[in-house]
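A.B. asks: Below you will find the structure I want to go over with you.
The values are calculated or read from the model by the stated rules, or taken from the named source; none is laboratory data. Computed from a predicted model, the values in this text were never measured in an experiment. In this analysis, Cβ positions are derived from the backbone assuming ideal geometry, glycine residues included, and neighbour counts consider all displayed protein chains.
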Amino acid sequence: MCEKAVEEALKLGAGEAEAIATWSRAVGVEVEKLQLKSARAHVEAGLGVRVALGRKVGFSFTSHLTPDSIRKAAERAVEVAKAKPEDPLWPGLPGPAEPASVQGLYDPKAAEATLEDAAELARQMIEAMKVDARVKAGSGGVGFAAHASAIANSRGLALSAQGTSAHASAYAVAEEAGDSSAGFEYEASRQASDISPLRVGEAAGRMAVENLGKKSIETATMDVVLHPLALASLLSIVTEELSGENLYKKRTPLAGKLGEQVASEELTLVDDGVLEKATRTWPFDAEGVPSRRTVLVERGVLKSFIFDRYWGKACGAESTGNASRGYSSEPRIAPRNLVVEAGSKPLSELISEVDEGMLVVDFMGTHTANIPSGDFSVVAYLPSYIKGGELKHPVKQAMISGNILDFIAKVDAVSREVKNLGRALLPYVRVRGVRVSA
Amino acid sequence: MEDLAQLAVEEALRLGASYADIRIELYQRCRIEVSKGRIERLSCGSDAGAGVRALVRGRWGFSSTTDLTREGVKKAAEEAVRSALAMGEPKEPVELAEAKPVKARVVKLGAKRLEDTPLEEKLKITLDSDKAMTSYSPKVKSTTVLYEEAYGRKVFASSEGTLVETVGSRCYLSHTAVARENGRIQSYRTRAAAYGGLEKLLEQKPAEKARKAAERACMLLEAEAPPSGKMTVIADPEHIGVFVHEAVGHACEADAVVAGESCLAGKIGEKIGSDIVTIVDDSTLDWWGSEEYDDEGVKTARRVLIEEGALKSYMLNRESAFKLKMGPNGSARAMSFRHPPIVRMSNTYIQPGDYRFEELLEDVSYGVYVKGSRGGQVDPAVGYFQFNAQEAWLIEKGELKKLLTDVSLSGLILETLKHIDAVGRDMELSVGFCGKAGQMVPVGDGGPHVRIREAVVGGRR
């Protein structure tokens, strides 16, 4: 189908042409108020065509996969290209290359999971959330999907692959004596057997109950231990700062700092497109460039930005296999699976070494960070107060403002425990001397 | 398309559904994004598929597909029935209020049809708006213009014999200007949009709107921080539109009422606002948020929500109408075939009264005039709201004195409705999108200038 679309586009006068086709089938069940809310099944397929007439680039797509619609998409892409000005940065399409060899992409159990399976697991998750009578509400979902993608271009590139995914998420609310608190848990993998809605429900319920009894704290400078989810939230700012597009447009404070110490020596951050069973693993990226493992920060030294082909060429670098898109849009840079190398200390030591501090499960508001400057102001989600090396009590409210580069420079310990978040493999980290406003 | 629709509905009934419907959509979509003279993104394509809903023994099931073959839609019908059955026995079975089956065809393409207008012309409109901002002042450091359009066909068919075909088009343009000077940064957004042809978008003079965004962003660089506390507020049509939509409209959505998530539940007939407050949601207007039939095939209507201060009605779909023993009024909308319809607004506004703007102002010894909106938040269960204005002016002794920035307005919906003491004679509607349960749909909102006594004004957090 992709080769056919490329052929059509070339016939219509395109100098270069590329087609990407994706297909997915998803079943999922939603939970609300500790009950099943809805069950849904979706089938989605489509094809996107990108063409270049010289340096004029056009894009079109269709979710209607008849030969006639595919020909029309090719026509439309050519028409769009003609309407656009020359793009001096256009790097041309990538040539063929051997796709990466990846493990654990496809699981027949996830591919064949039915609505009934998802509903049964969701019921188990609901029961597991009710760890005791204080759990009053709960929401979340369980879902399975099968995906396939194919890509072909006029330079002879032709690739395809299929994979699966499974996910479970639970958000529990507990109430006691006028206080209410929440707990959250999430698991995702390409393999059905890696996720356990039972485990997810129980963890969310337990966290909600443990977070009851919130007390206020005073504004102070203290040490903050980040849960892997909180680290993942902060890394969403870091990967924006590492985007090749922001590098080219000088919209990141990391511009010009390649080879320099930009973070604590404790931190090594890897973008891994080939991590076994992870949900952003695929043999190739959305332009057909082989997936790879890219060290971004090694012991605090900036090693690489992330690029698709366009912004890579613009910056004089190669694509790092970070082009991302569905069939209906042009490629954009996005991280693959993020891995922070584990440290040597157990989490218990990260906490016991803190005189005054906070353990934070997640952050809210990281999407409002100012990317060009790196400044951010976020709300700590489910924070717990640490005093004299011990977890004391949940905290009512706490905000952290600062600069992302200062923040990652102040990391002084990384746990040996790591949590698999489906698209990230992350430890707990401790950040010294953070201004916390309560 | 009608054959496919019939096939899916029959398949769902055969598999045990008591009611089933399908929406098949075939749309062409274009999206242009321009920033500081550069076309950052441009894509045009075809978006097509079907969504099937099945009611099986009192439970809803839903399934969507982009596979518009006979096998594809049959499979979708089967999955819709299976998803209903997977839910287990319902605590409270769903029943539908009666709706008269209809056969209708609606065409809403306007005079200057999107399909017949070359892409170059749409690019020029987008680039002209961008130029109007960048050329306004060197203080304008960044600009974004977004143009989006969709045109095509939608067929709705139900097992009760309703068949509605809509051939329509929509286009939308938004302009954002960011101005910077001496370390201060301000932004301003203006929008234009039309349900129908391109001529309706052009009537709204997009380049002038774009220039206004640049002008206001630059002006706001000189603005001062607002006072805070309880005071008299005059809201412009755009700001009052957001109040009416967010604070009153959402609380009048019958699905929230039935779920016990609305502060207006059980208050039909009760006096909840001052006598001069009449609030309407009107899908029969020739405006952005309108539709002729909703996504359950029910004819849409002009719904008077609040009449002279008394709560009159809600926005209802068939399910909530049955529960509340009211008649459905065509308020079920879905973002696309990928989503099931839920209760939504169309164009929501407060009806004009008889005050001129100067008359609203002259009685105010100290207060704030708020204009436009930068969003905010509402808790419809508690009835609390907080909105940020795009621009505001300090009022002293009946005169507009100085420009303020980062002003927010907050309060309780029910108190605020009673504190409206004067309603202007002007009227303006804005355009936007409303998000609910992950679905964005086009809506309009507005009204005249409105005066509110004892409103809580604060700085934006």
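A.B. asks: Could you list, in sequence order, the residues of segment A:208-231 that are among the hydrophobic types (A, V, I, L, M, F, W, C), assigned to a helix (DSSP H, G or I) and surrounded by fewer than 23 Cβ atoms within 10 Å (Cβ to Cβ)?
C.D. replies: Keep residues of segment A:208-231 that are among the hydrophobic types (A, V, I, L, M, F, W, C), which gives A:208-209, A:212, A:217, A:220, A:222, A:224-226, A:229-231.
Next cut, assigned to a helix (DSSP H, G or I) only: A:208-209, A:229-231.
Listed by number, the residues that qualify are A:VAL209, A:LEU229.
Residue-wise test of (1) closer than 18 Å to A:SER329 by Cα; (2) within 14 Å of chain B (Cβ to nearest Cβ); (3) surrounded by 15 or more Cβ atoms within 10 Å (Cβ to Cβ); (4) aromatic (Phe, Trp, Tyr).
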{"residue": "A:ALA73", "(1), (2), (3), (4)": "yes, yes, yes, no"}
{"residue": "A:GLU79", "(1), (2), (3), (4)": "yes, yes, yes, no"}
{"residue": "A:GLU98", "(1), (2), (3), (4)": "no, no, no, no"}
{"residue": "A:TYR106", "(1), (2), (3), (4)": "no, no, yes, yes"}
{"residue": "A:LYS109", "(1), (2), (3), (4)": "no, no, no, no"}
{"residue": "A:ALA113", "(1), (2), (3), (4)": "no, yes, yes, no"}
{"residue": "A:GLN124", "(1), (2), (3), (4)": "no, yes, yes, no"}
{"residue": "A:ALA128", "(1), (2), (3), (4)": "no, no, yes, no"}
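A.B. asks: State all residues of segment A:352-370 that are modelled with pLDDT under 90 and not in a strand (DSSP E or B); if no residue qualifies, say none.
C.D. replies: Within segment A:352-370, the subset modelled with pLDDT under 90 is A:364-370.
A:GLY365, A:THR366, A:HIS367, A:THR368, A:ALA369, listed by residue number.
A.B. asks: A further question on this structure: Which residues, taken from segment A:327-351, are assigned to a strand (DSSP E or B) and not polar (S, T, N, Q)? Let's see the steps before the verdict.
C.D. replies: Initial filter on segment A:327-351 (assigned to a strand (DSSP E or B)): A:332-333, A:337-340, A:345.
The answer is A:ARG332, A:ILE333, A:LEU338, A:VAL339, A:VAL340, A:LYS345.
A.B. asks: Scan segment A:288-308 residue by residue and report those that are more than 25 Å from A:LEU267 (Cβ to Cβ) and either aliphatic (A, V, I, L, M) or surrounded by fewer than 24 Cβ atoms within 10 Å (Cβ to Cβ) (or both).
C.D. replies: A:VAL289, A:PRO290
Yes or no, residue by residue, for (1) in contact with a strand residue (DSSP E or B) (Cβ under 8 Å, 6 or more places away or on another chain); (2) under 18 Å from A:MET129 (Cβ atoms); (3) of a type outside the set (Lys, Arg):
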position	(1), (2), (3)
A:GLY156	no, no, yes
A:SER180	yes, yes, yes
A:GLY205	yes, yes, yes
A:GLU218	no, no, yes
A:VAL238	yes, no, yes
A:GLU266	yes, no, yes
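A.B. asks: Could you please find all residues in segment B:100-136 being in a loop (DSSP other than H, G, I, E, B) and surrounded by 13 or more Cβ atoms within 10 Å (Cβ to Cβ)?
C.D. replies: Applying the first criterion (in a loop (DSSP other than H, G, I, E, B)) to segment B:100-136 yields B:100-102, B:109-118, B:135-136.
Passing the criteria: B:VAL102, B:LEU109, B:GLY110, B:LYS112, B:ARG113, B:LEU114, B:THR117, B:TYR136.
A.B. asks: With A:ILE333, A:ILE371, A:ILE386 as the choices, which residue is among the aliphatic types (A, V, I, L, M), surrounded by fewer than 21 Cβ atoms within 10 Å (Cβ to Cβ) and in contact (Cβ under 8 Å) with a residue 24 or more places away in the chain? Steps first, answer last, please.
C.D. replies: Details: A:ILE333 fails: surrounded by fewer than 21 Cβ atoms within 10 Å (Cβ to Cβ); A:ILE386 fails: surrounded by fewer than 21 Cβ atoms within 10 Å (Cβ to Cβ).
The conditions single out A:ILE371.
A.B. asks: Filter segment A:63-101 down to residues that are in contact (Cβ under 8 Å) with a residue 60 or more places away in the chain and either closer than 30 Å to B:ALA48 by Cα or not hydrophobic (A, V, I, L, M, F, W, C) (or both), then give me how many there are. Explain how you work it out, then say what you get.
C.D. replies: Of the residues in segment A:63-101, the ones in contact (Cβ under 8 Å) with a residue 60 or more places away in the chain are A:63, A:65, A:67, A:70-71, A:73-75, A:77-78, A:81, A:89-101.
Add one more test, that the residue is either closer than 30 Å to B:ALA48 by Cα or not hydrophobic (A, V, I, L, M, F, W, C) (or both), and what stays is A:63, A:65, A:67, A:70-71, A:73-75, A:77-78, A:81, A:91-96, A:98-99, A:101.
Selection size over segment A:63-101: 20.
A.B. asks: Can you tell me which residue among B:ALA194, B:ALA247, B:ALA214, B:ALA251 is under 18 Å from B:VAL145 (Cα atoms) and in a helix (DSSP H, G or I)? Steps first, please.
C.D. replies: Working: B:ALA194 fails: in a helix (DSSP H, G or I); B:ALA247 fails: under 18 Å from B:VAL145 (Cα atoms); B:ALA251 fails: under 18 Å from B:VAL145 (Cα atoms).
Testing whether each residue is under 18 Å from B:VAL145 (Cα atoms) and in a helix (DSSP H, G or I) leaves just B:ALA214.
A.B. asks: Which ones in segment B:393-420 are crowded, with 16+ Cβ neighbours inside 10 Å, part of a strand (DSSP E or B) and modelled with pLDDT of 95 or more?
C.D. replies: B:TRP393, B:LEU394, B:ILE395, B:LEU403, B:ILE420
A.B. asks: When only residues in segment B:85-99 that are of a type in the set (Gly, Ala, Ser) and at the interface with chain A (Cβ under 8 Å from one of its Cβ atoms) count, which is surrounded by the fewest Cβ atoms within 10 Å (Cβ to Cβ)?
C.D. replies: Kept after step one, since they are of a type in the set (Gly, Ala, Ser), are these residues of segment B:85-99: B:86, B:88, B:97, B:99.
Checking which are at the interface with chain A (Cβ under 8 Å from one of its Cβ atoms) leaves us with B:86, B:88.
Working: B:ALA86: 25, B:GLY88: 13.
Filtering first and then ranking leaves B:GLY88.
A.B. asks: Still on this structure, I have one more. Report yes if B:GLU71 is over 30 Å from B:CYS171 (Cα atoms) and either assigned by TED's automatic domain parsing to the domain that holds B:ALA334 or free of Cβ contacts under 8 Å to residues at least 24 places away in the same chain (or both), otherwise no.
C.D. replies: Working: over 30 Å from B:CYS171 (Cα atoms): yes; either assigned by TED's automatic domain parsing to the domain that holds B:ALA334 or free of Cβ contacts under 8 Å to residues at least 24 places away in the same chain (or both): yes.
Considered against the rule, which asks whether it is over 30 Å from B:CYS171 (Cα atoms) and either assigned by TED's automatic domain parsing to the domain that holds B:ALA334 or free of Cβ contacts under 8 Å to residues at least 24 places away in the same chain (or both), B:GLU71 comes out as yes.
A.B. asks: For segment A:287-310, how many residues are under 12 Å from A:PRO99 (Cα atoms) and not charged (D, E, K, R)?
C.D. replies: Looking only at segment A:287-310, we keep the residues that are under 12 Å from A:PRO99 (Cα atoms), and these are A:287-292.
Keeping just the survivors that are not charged (D, E, K, R) gives A:288-291.
Of the residues in segment A:287-310, 4 are under 12 Å from A:PRO99 (Cα atoms) and not charged (D, E, K, R).
A.B. asks: Taking segment B:398-437 on its own, how many of its residues are touching a helix residue (DSSP H, G or I) at 6+ places or on another chain (Cβ under 7 Å) and among the small types (Gly, Ala, Ser)?
C.D. replies: 4
A.B. asks: Would a scan of segment B:25-37 turn up a residue that is within 9 Å of chain A (Cβ to nearest Cβ), free of Cβ contacts under 8 Å to residues at least 12 places away in the same chain and surrounded by fewer than 21 Cβ atoms within 10 Å (Cβ to Cβ)? If you could, list the steps in order and put the result at the bottom.
C.D. replies: Narrowing segment B:25-37 to residues within 9 Å of chain A (Cβ to nearest Cβ): B:26, B:28-31.
Narrowing the set further to residues that are free of Cβ contacts under 8 Å to residues at least 12 places away in the same chain leaves none.
No, every residue in segment B:25-37 fails to be within 9 Å of chain A (Cβ to nearest Cβ), free of Cβ contacts under 8 Å to residues at least 12 places away in the same chain and surrounded by fewer than 21 Cβ atoms within 10 Å (Cβ to Cβ).
A.B. asks: Does A:ASP194 satisfy the criteria of being assigned by TED's automatic domain parsing to the domain that holds A:PHE61, within 19 Å of the chain's Cα centre (by Cα), surrounded by fewer than 21 Cβ atoms within 10 Å (Cβ to Cβ) and in contact (Cβ under 8 Å) with a residue 60 or more places away in the chain? So that I can check it myself, show each step before the final result.
C.D. replies: Numbers: assigned by TED's automatic domain parsing to the domain that holds A:PHE61: yes; within 19 Å of the chain's Cα centre (by Cα): yes; surrounded by fewer than 21 Cβ atoms within 10 Å (Cβ to Cβ): yes; in contact (Cβ under 8 Å) with a residue 60 or more places away in the chain: yes.
Criteria met by A:ASP194.
A.B. asks: Another question, then. Among the residues of segment B:208-226, write down those that are in contact with a helix residue (DSSP H, G or I) (Cβ under 9 Å, 6 or more places away or on another chain) and either surrounded by fewer than 18 Cβ atoms within 10 Å (Cβ to Cβ) or polar (S, T, N, Q) (or both).
C.D. replies: B:GLU208, the sole residue that qualifies.
A.B. asks: Can you tell me which residue is nearest to A:ARG50 (Cα to Cα) among those in segment A:8-22 that are more than 31 Å from the chain's Cα centre (by Cα) and among the charged types (D, E, K, R)?
C.D. replies: From segment A:8-22, those more than 31 Å from the chain's Cα centre (by Cα) are A:8-16; that's our starting set.
When the remaining residues are screened for being among the charged types (D, E, K, R), the result is A:8, A:11, A:16.
On the way: A:GLU8: 12, A:LYS11: 14, A:GLU16: 8 Å.
Restricting to residues being more than 31 Å from the chain's Cα centre (by Cα) and among the charged types (D, E, K, R), the top hit is A:GLU16.
A.B. asks: Does segment A:410-424 contain any residue that is in contact with a strand residue (DSSP E or B) (Cβ under 8 Å, 6 or more places away or on another chain) and under 17 Å from A:GLU240 (Cβ atoms)?
C.D. replies: Filtering segment A:410-424 for residues in contact with a strand residue (DSSP E or B) (Cβ under 8 Å, 6 or more places away or on another chain) gives A:410-424.
From what is left, the residues that are under 17 Å from A:GLU240 (Cβ atoms) are A:423-424.
So far as segment A:410-424 goes, yes, one or more of its residues are in contact with a strand residue (DSSP E or B) (Cβ under 8 Å, 6 or more places away or on another chain) and under 17 Å from A:GLU240 (Cβ atoms).
A.B. asks: Just to verify a result, which residue in segment B:160-179, among those that are assigned to a strand (DSSP E or B) and small (Gly, Ala, Ser), is surrounded by the most Cβ atoms within 10 Å (Cβ to Cβ)?
C.D. replies: Step one: list which residues in segment B:160-179 are assigned to a strand (DSSP E or B), which gives B:163-179.
Next cut, small (Gly, Ala, Ser) only: B:168-169, B:174, B:177, B:179.
On the way: B:GLY168: 19, B:SER169: 22, B:SER174: 22, B:ALA177: 31, B:ALA179: 27.
Here the answer is B:ALA177.
A.B. asks: Further question on the same structure: Considering only segment B:77-84, I want to know if a residue exists there that is surrounded by fewer than 21 Cβ atoms within 10 Å (Cβ to Cβ) and of a type outside the set (Ser, Thr, Tyr). Can you show your working first?
C.D. replies: Going through segment B:77-84, the residues surrounded by fewer than 21 Cβ atoms within 10 Å (Cβ to Cβ) turn out to be B:78.
Okay, now just the ones that are also of a type outside the set (Ser, Thr, Tyr), so B:78.
Yes, there is a match, as at least one residue in segment B:77-84 is surrounded by fewer than 21 Cβ atoms within 10 Å (Cβ to Cβ) and of a type outside the set (Ser, Thr, Tyr).
A.B. asks: Just one of (1) within 14 Å of another protein chain (Cβ to nearest Cβ); (2) surrounded by fewer than 20 Cβ atoms within 10 Å (Cβ to Cβ); (3) in a helix (DSSP H, G or I) trips up B:SER336, so point out which.
C.D. replies: Result: B:SER336 passes all but (3).
A.B. asks: Which condition number does B:VAL233 fail, the rest of (1) assigned to a helix (DSSP H, G or I); (2) crowded, with 23+ Cβ neighbours inside 10 Å; (3) of a type in the set (A, V, I, L, M) being met?
C.D. replies: (1)
A.B. asks: Taking the criterion of being buried (at least 17 other Cβ atoms within 10 Å of the Cβ) and facing chain B (nearest Cβ under 8 Å), would at least one residue in segment A:82-96 satisfy it?
C.D. replies: Yes, there is a match, as at least one residue in segment A:82-96 is buried (at least 17 other Cβ atoms within 10 Å of the Cβ) and facing chain B (nearest Cβ under 8 Å).
A.B. asks: Still on this model: When segment B:61-75 is examined, which residues are found to be at the interface with chain A (Cβ under 7 Å from one of its Cβ atoms) and not acidic (Asp, Glu)? Full working, then the answer.
C.D. replies: So the first thing to find is which residues in segment B:61-75 are at the interface with chain A (Cβ under 7 Å from one of its Cβ atoms), and the list is B:61-68.
The answer is B:GLY61, B:PHE62, B:SER63, B:SER64, B:THR65, B:THR66, B:LEU68.
A.B. asks: May I pose another question? Mind counting the residues in segment A:30-71 that are part of a strand (DSSP E or B), more than 7 Å from chain B (Cβ to nearest Cβ) and either buried (at least 24 other Cβ atoms within 10 Å of the Cβ) or among the β-branched types (Val, Ile, Thr) (or both)?
C.D. replies: Selection size over segment A:30-71: 8.
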